[in-house]
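Chemist: Dropping a structure here in structure tokens format, bear with me for questions.
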Amino acid sequence: MDLIVERVDVWAASIQDQPGGLSGVLAGLRGAGADLDFIVARKSPERPGSGVVFVTPLRGDRETTAAANLGFNVSNSLHSLRVEGDNKPGICAELTEKIAKARINLRGLSAAVLGRRFIVYIALDTQEDASKAAEVLQKA
């Protein structure tokens, strides 16, 4: 299996749960030239009136400075991998089985198919788990 496996930093920010809450921070990143590959946003049920947005990647000083000014920080609790390859039926099952056989627990997973390719973002609990999972997947 020919995979591209890379560690990625995930940036997180709180947003207001109101019209424009998400678009405001994304516009700020756009203004700094950010070309985001992945965005996840959701409400925070434990904090009514607020939400959280996760983005990756941010490159260079201009983007990271803009992100910091918008309230983004690199998430220290999400140790993430980006995995890309040729799509085929059951590919996520295959990848997660390999990780499970290595006794690595997943924190989260998001996946999409674009044309003939798939992209999976895998969140793990520790940097050690992320490194081990990357090693396992690169041998796949």
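The values are calculated or read from the model by the stated rules, or taken from the named source; none is laboratory data. Since the structure is predicted, the reported quantities are computational estimates derived from the model, not experimental observations. Counting neighbours? That spans all protein chains shown, and the Cβs are built from the backbone with ideal geometry, glycine included.
Chemist: Scan the range 121-128 and tell me whether some residue there is without any contact (Cβ under 8 Å) to a residue 40 or more places away in the chain, surrounded by 15 or more Cβ atoms within 10 Å (Cβ to Cβ), within 14 Å of ARG82 (Cα to Cα) and among the hydroxyl-bearing types (Ser, Thr, Tyr).
Modeler: no
Chemist: Take the residues in the range 1-13 that are surrounded by fewer than 16 Cβ atoms within 10 Å (Cβ to Cβ) and in contact with a Gly (Cβ under 9 Å, 6 or more places away or on another chain), then tell me which one is modelled with the highest pLDDT.
Modeler: Ranking the candidates gives ILE4 first.
Chemist: Name the single residue that is surrounded by the fewest Cβ atoms within 10 Å (Cβ to Cβ) among those in the range 37-79 being among the small types (Gly, Ala, Ser) and touching a helix residue (DSSP H, G or I) at 6+ places or on another chain (Cβ under 7 Å).
Modeler: Only one residue fits best here, namely ALA41.
Chemist: Please pick out the residue among ASN105, ASN87 that is assigned by TED's automatic domain parsing to the domain that holds LEU124, surrounded by fewer than 18 Cβ atoms within 10 Å (Cβ to Cβ) and closer than 19 Å to GLN127 by Cα.
Modeler: Only one candidate passes the filter, namely ASN105.
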